[in-house]
Every structure is written in structure tokens, then in C-alpha cells.
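Data block below; observations after.
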Amino acid sequence: MCTERYIKSPASLFVAEIAARAIQQPNHMSKLTGKVAVVTGASKGIGAGIAKSLAAEGAAVVVNYASSREGADKTVAEIAKAGGKAVAVQADVSKKADIVRLFAETKKVFGRLDILVNNAGIYAFTPLEDITEEHFHRHFDLNVLGTILAAQEAVKYFDEKGGSIINLSSVVSTLGIPGAAVYSATKGAVNSLTLVLAKELGPKKIRVNGVAPGMVETEGTAAGGMTEGEFRKDVESKTPVGRIGQPQDIASVVTFLASDDASWVSGETWFVSGGFR
Ligand code: NAP
């Protein structure tokens, strides 16, 4: 009786009409329609997940890769199959000339830039006694210098509406894991960069945020033997949510931060790790 009266009230009919329209419109969830995004290191792993998630919300995506052309083509094909727009562009993000070419190519293909996701990164865990200058520079050149140079170049392409930069950090930036000095230091530097650049670029309407994942199952972590056996069990036992992550767990948060739904969020690094930190 009570339910009958509720359904027939003008207010509830109005709500039902709005809900029905939202379901009928295929793009009712498209938060990024008309936006263009560059995702570095999107040929696999977390980057590929982010590229697909941004494209699913309507962004045209530049899928950057260093050497895995096949992986980048697969990400582009999956985006196209789902009705999205993407193109693969090779560039070594530790090199300035390649970064300049990456953004010039983005402008040429899609005409503008709104979102940069600094995802490309490497992680080799090495105890102090085995750290070499080469190990240090390889990590810092990509994870830190690459993040700085890509942001520097992106700023030249964002228009008066501003833009959104999301930097991939890691829980190890604050965990203090023995044997991970150099990698952890790169991600600590990324956390600082996020904070500084948010303040420096805020006046240009550019938001800068970070996402610090816990362990996520990717090609990189699988190759490092982290996704199976004792290592995985140990991480899972320390993770309140009780499982390791999947690329989509990170991609959904990055997509939110890239969107106008997060228009008052800047300078934050969000730990996305099932509670492990
Ligand atoms: P991944 O599976 O190893 O994939 C790395 C991606 O980066 C690939 O697309 C690779 O391209 C690209 N890349 C490597 N060197 C590059 C370069 N010089 N220039 C441009 N692209 C380059 O890595 P992931 O596990 O997805 O990690 C992605 C990011 O998340 C990294 O920044 C990592 O530090 C961070 N993160 C990961 C985890 C995790 O558990 N997976 C946790 C915390 C943070 P090619 O295939 O062409 O080489």
C-alpha cells in the first residue's frame, strides 16, 4: 500500500524518469569525453589498465611504450574494440628528445592535451652492497627525471582550461623495505614532485596528484617472481583486504583523479594497496 503510493507520487516519477534516461544513454558514465591523455608505459601492466580505463570514459589515449610494440598495439586494439580512440607512440621516457617527440606526436594526432599519466617505471630490488652507479642512474633517469621532463613538456600543451597530471608512486616510498633503497628513493622523490608541482602549477589550473600502489599483478611483477609463492603469500597476509591488486584497481583511481570529479583534489598521493602500508 505504502509502496504503491510512493511509486505514483510526481516526485518519484521524476526520479524514475531521470534514472531511466541515464540507463538509456550509452555515454552517461563518460567523464572524459573530448579529453586527450598520454599514458607513459602503457604497453602492459598498470599503464595498459589505465589507458583502457581512461578510454572507456571517453578520452582519446596515446599509448606510449619503450620497446614492446606488440604490447602497445594490443592495448590500442582492445581500446578500439571497446569503441574508444587510441594510438601507440614509441618513446624512451628517460630521454628528453623522445619526450619532446611524444607530445608533438600527440598534438599532431589528437590536436590537444588534457591528461598526463607518468606511469612508466622500473623496479629492481638490490641490496646496498650491490648498488652500482648504473643501477642508480637507470632508476632515477626513468622514474624521476622522466616524470619531470614529461610534466615539463605536457605543461606546454595544456591550454587555458588547465590539465591533470598523475604520477605513479609506490607504497615502498614510505614502507622502508630492506633491499629496495634506490627504487624506494625514486618513488619518495616522486611523492615530493607531486606536492611541489601541484603548488607550482596550480595557478595554471593544472592539478598534480599521485597514486601509490601496493603490489599489483603485472608482467613486471610476474617477471620479478613476486606474484607467486611465499612473496605473494607474505604480502597478502599483511594486506587488510586480503589480496594483491590488479591493474584495474589502480586504473579506476587514476581515472577518477584525471576527471573533473576530482577538480578540487591536488597535491595528494593516494595509497591504493588494499590497506597495506
Ligand atoms: P611493467 O609491467 O613492468 O610495465 C612497465 C611499462 O613501462 C611497460 O609498458 C614498459 O614499456 C614501460 N617502460 C619501461 N621503460 C620505459 C621507458 N624507458 N620509456 C617508456 N616506457 C617504458 O610495470 P608495472 O608493474 O605495470 O608498473 C607500472 C608503474 O607502477 C611503475 O612506475 C611502477 O614503479 C609502479 N608500481 C608498480 C607496482 C606493482 O606492483 N606492479 C607497485 C607500485 C608501483 P615496454 O614494454 O615497451 O618496455
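Readers should treat all values here as calculations from the given coordinates under stated rules, not as data from a laboratory. The structure presented is a predicted model; accordingly, all values stated were derived computationally and were not measured. Neighbour counts run over all protein chains shown; Cβ positions are idealised from the backbone, glycine included.
Quick look at the numbers
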| item | result |
| --- | --- |
| Chymotrypsin sites (Phe, Trp or Tyr not before Pro) restricted to DSSP loop in the stretch 95-168 with at most 16 other C-beta within 10 Å | PHE125 |
| Between helix 181-201 and the chain: long-axis angle, C-alpha atoms, 0 to 90°, nearest 10 | 50 |
| Estimated FRET transfer efficiency when R0 is 35 angstrom, pair GLN248-GLU133 (beta carbons, to 0.05) | 0.40 |
| Shape metrics for the stretch 72-119, restricted to C-alpha atoms - Rg then Dmax, Å | 11.6, 33 |
| Distance in nm between pseudo-label sites at GLN152 and LYS96 (7 Å out along the Cβ direction from Cα) | 0.5 |
| Cα shape, the stretch 125-277, gyration tensor, a/c 1.5 rule | oblate |
| Residues in the stretch 33-59 that a label on LYS74 would reach, taking backbone N under 15 Å of a point 7 Å out along Cα→Cβ | 42-52 |
| Cross-link table LYS35/LYS233; LYS95/LYS233; LYS205/LYS238; LYS95/LYS199, entries beyond 31 Å C-alpha to C-alpha | LYS35/LYS233; LYS95/LYS233; LYS205/LYS238 |
| Of every Cα-Cα pair in the stretch 42-89, the percent that sits beyond 17 Å | 15 |
| Helix 10-24 vs. the chain, principal-axis angle (Cα, 0 to 90°, nearest 10) | 50 |
| Coarse-grained scattering of the chain at q = 0.09, 0.14 Å⁻¹, given as base-10 log I(q)/I(0) from a Debye sum over alpha-carbon atoms | -0.44, -0.96 |
| Net charge dipole size for the chain [Lys, Arg +1 and Asp, Glu -1 on Cβ; Debye, nearest 20] | 940 |
| Whichever aspartates and glutamates have a C-alpha closer than 18 Å to that of LYS85, once near sequence neighbours (fewer than 8 apart) are set aside | GLU57, GLU70, ASP73, GLU105, ASP114 |
| Distance between the stretch 130-204 and the stretch 37-102 - C-alpha centres, whole angstrom | 19 |
| Pairs of Cα atoms farther than 14 Å apart, the stretch 210-277, % | 61 |
| The stretch 58-142: radius of gyration over Cα atoms, expressed as a fraction of 2.2 N^0.38 Å | 1.31 |
| Principal axis box of the stretch 124-176, alpha-carbon based, largest edge first, Å | 49, 24, 11 |
| Under 5 Å, built H, 5+ apart or other chain: amide partners of LYS85 | VAL61 |
| Expected 222 nm ellipticity per residue - DSSP helices of 4 or more, -39500 (n - 2.57), all of the chain, to 500 | -14500 deg cm²/dmol |
| Fluctuation leader among GLY58, GLY225, GLY267 - the chain, Gaussian network, Cα springs under 10 angstrom | GLY225 |
